[in-house]
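Each remark here refers to the structure printed beneath this line.
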Amino acid sequence: MEPQNLHLSLKKFVIRDTPKLRGLPRLLLEASASHLEFIQMQSCPEFESLPNWFQNLTSLQRLKIIDCPKLSCLPDGVQRLASLSHLKIQLCPTLSHKCQPET
């Protein structure tokens, strides 16, 4: 099957305990961009950044990022995720520090 013909309708994507993961599987998520509602990434110690195309996940409602200590920023377009109603960032010290409200 050719990648451009892949049409998925994933609504939920959970990835846990993947010590060597550095990025998200582009083909899998892009193929579900208009359907994906929930993403959870947990215990991915080498994961460093969300891709720029992440802003294309137009149906994403919930995003949980837990225990990804090397994750340092969210992509610029994340504010365009109009459906996003729940964001949880936990045990991501670099990213959590950047997301603190200014005082």
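Observations on the structure shown:
- 3J(HN,Hα) along the stretch 67-84, derived from phi through the Karplus expression 6.51 cos²θ - 1.76 cosθ + 1.60 where θ = phi - 60°, amounts to 6, 10, x, 8, 5, 10, 7, 9, x, 4, x, 4, 5, 7, 7, 5, 7, 5 Hz, with x in place of Gly and Pro.
- Once the 1.4 Å probe is applied to the protein heavy atoms, the stretch 12-90 comes out at 53 Å² accessible per residue.
- Table column - 3J(HN,Hα) (Hz), the stretch 51-58, Karplus curve with 6.51, -1.76, 1.60, x for Gly and Pro: x, 4, 6, 4, 5, 7, 7, 5
- Near-label residues of the stretch 79-95 by backbone N, under 20 Å of a point 7 Å along Cα→Cβ of K64: 83-95
- Size descriptor, Kirkwood hydrodynamic radius, that averages inverse alpha-carbon separations across the stretch 12-90, Å: 12.5 Å
- Label point 7 Å beyond Cα of R80 along Cβ direction - residues of the stretch 20-54 with amide nitrogen under 17 Å: 30-36, 50-54
- To put it simply, the accessible area of the stretch 12-90 at a 1.4 Å probe is 45 percent carbon and sulfur.
The values are calculated or read from the model by the stated rules, or taken from the named source; none is laboratory data. This is a predicted model, so every value here is computed, not measured. All Cβ positions, glycine included, derive from the backbone under ideal geometry; neighbour counts span all protein chains shown. Heavy atoms of the whole protein, side chains included, go into the accessibility calculation; ligands, DNA and RNA do not. Shrake-Rupley method; radii C 1.70, N 1.55, O 1.52, S 1.80 Å.
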